[in-house]
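*Asks:* I have a structure I would like to understand better, so I am pasting it below and will then ask my questions one at a time.
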Amino acid sequence: MEPGLNTHVSDGTATVVLSNPAKRNAMTPRMWRELPPLLARLAADGAVRSLVLTGEGGTFCAGADIASLRQGAGEAQQLSVAAEEAVAAFPRPTLAAIRGHCVGGGAQLAAACDLRFAEEGAVFGVTPAKLGVVYPASATRRLVRLVGLSAAKYLLFSGELIDCARALRTGLVDEVSAADGLDARVAEFTAVLASRSSMTQTAAKELADGVWDVPPEEAVRRAAHWAARAHASGDTAEGAAAFLERRAPRFGPMG
C-alpha cells in the first residue's frame, strides 16, 4: 500500500490517519504536500465540528521519511512547516490521538494540534540534533509555548525520547489513557465538543492562539466581533434557554 492520508467523517468529527506503516507512519514529501489542501477541504465542510489526527496501527508518526532529507533537507522542512501551519490554522478544535512513537515531524504535527491525548506506552521526541537539522522557527516557538523554555531545550538539545508520564508533566500531552482505551476516550471527548457551541469554540481558539501576538485592543475588538456573531446566530439565546429549562442545548452549525 502506498503511503498516504486516509480520512473519514463521522458524527461531526473528521479523522485524518497518517498511513505509512512500513516506516512507522513517517511522512513522505507527498504526505506533507497532501495535508494542507485536505485540511482546507475539511475546514470548508460545515458538518465538521472537530478534527482528530492519528496514525495507522500502533504508532502515531516517526517523523519525516529520512530518505527525503537526503534528497533535500531544505525542501523537506518547507513542506513540514506548511503542513504544521495548516494544522495550527484549522478553525475548529483539533486533537492528536497518539499511540507508539510521536517523534520528529510527528511531534511537530502533534504540537500544532490544540490538544494531545496519548495511550500508555507512547513515546515522544524532538530529534533534529540527531540529524544535524535546525528545527524550524515556527515549530520551536510552538514547542516553547507548549512546554516552557527549559523543557523545550531539553528535548531540542538531547533528542532523547520521553515517556507519557514526563510528557504529561511538561504539558506536551493533555491526557493519558490506559492501553486500548484511547479510541473510546477520543470518541467521548469529541462527542462533548459536538454538543457545545461551535461558534464559541472557534472564537476561543482564535483568541487563545492570538494571546501572544495580538495587541490588547485588537483582542477586545475580535472578542466583540465574535460575541455579536454568537448573538446573531442564536447560540447565546439557546444556551441561556437550555440552562433555564435544564436541558441540553441545541446549537446550530457555524454560519
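The values are calculated or read from the model by the stated rules, or taken from the named source; none is laboratory data. Worth saying up front: this structure is predicted, and the values here are computed from it rather than measured. Here Cβ is always computed from backbone atoms with ideal geometry, including for glycine, and neighbour counts include all displayed protein chains.
*Asks:* Going by the conditions given, is Ala107 buried (at least 20 other Cβ atoms within 10 Å of the Cβ), more than 26 Å from Gly132 (Cα to Cα) and not acidic (Asp, Glu)?
*Replies:* Against the criterion (buried (at least 20 other Cβ atoms within 10 Å of the Cβ), more than 26 Å from Gly132 (Cα to Cα) and not acidic (Asp, Glu)), Ala107 does not qualify.
*Asks:* Now, a different point. For the range 113-127, name all the residues that are assigned to a loop (DSSP other than H, G, I, E, B), closer than 11 Å to Cys164 by Cα and of a type in the set (Asp, Glu).
*Replies:* The answer is Glu120, and nothing else.
*Asks:* Name the one entry in Phe124, Phe157 that is more than 30 Å from Asp45 (Cβ to Cβ), surrounded by 23 or more Cβ atoms within 10 Å (Cβ to Cβ), modelled with pLDDT of 95 or more and in the same structural domain as Asn25 (by TED's automatic domain parsing).
*Replies:* Details: Phe157 fails: surrounded by 23 or more Cβ atoms within 10 Å (Cβ to Cβ).
That would be Phe124, the only listed residue that is more than 30 Å from Asp45 (Cβ to Cβ), surrounded by 23 or more Cβ atoms within 10 Å (Cβ to Cβ), modelled with pLDDT of 95 or more and in the same structural domain as Asn25 (by TED's automatic domain parsing).
*Asks:* Is one or more of the residues making up the range 70-91 in a loop (DSSP other than H, G, I, E, B) and assigned by TED's automatic domain parsing to the domain that holds Gly125?
*Replies:* The answer is yes; a qualifying residue exists.
*Asks:* Restricting to the range 186-204, what's the tally of residues that are touching a helix residue (DSSP H, G or I) at 6+ places or on another chain (Cβ under 9 Å), assigned to a helix (DSSP H, G or I) and either over 29 Å from Thr59 (Cα atoms) or not hydrophobic (A, V, I, L, M, F, W, C) (or both)?
*Replies:* The qualifying residues number 7.
Residues checked against (1) farther than 18 Å from Gly125 by Cβ; (2) at pLDDT below 95; (3) surrounded by fewer than 19 Cβ atoms within 10 Å (Cβ to Cβ):
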{"residue": "Asn25", "(1), (2), (3)": "no, no, no"}
{"residue": "Arg33", "(1), (2), (3)": "yes, no, yes"}
{"residue": "Leu38", "(1), (2), (3)": "yes, no, yes"}
{"residue": "Ala47", "(1), (2), (3)": "yes, yes, yes"}
{"residue": "Leu53", "(1), (2), (3)": "no, no, no"}
{"residue": "Thr59", "(1), (2), (3)": "no, no, no"}
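*Asks:* Here's a follow-up. Applying the selection to the range 160-185, what residues are surrounded by 15 or more Cβ atoms within 10 Å (Cβ to Cβ), hydrophobic (A, V, I, L, M, F, W, C) and not in a helix (DSSP H, G or I)?
*Replies:* Across the range 160-185, the qualifying residues are Leu161, Ile162, Leu172, Val173, Val176.
*Asks:* State which residue pairs qualify: first residue more than 12 Å from Val123 (Cα to Cα) and inside the range 152-168, second residue of a type in the set (Asp, Glu) and assigned to a helix (DSSP H, G or I) in any location, beta carbons under 6 Å apart, and separation of 6 or more residues or different chains.
*Replies:* Nothing qualifies.
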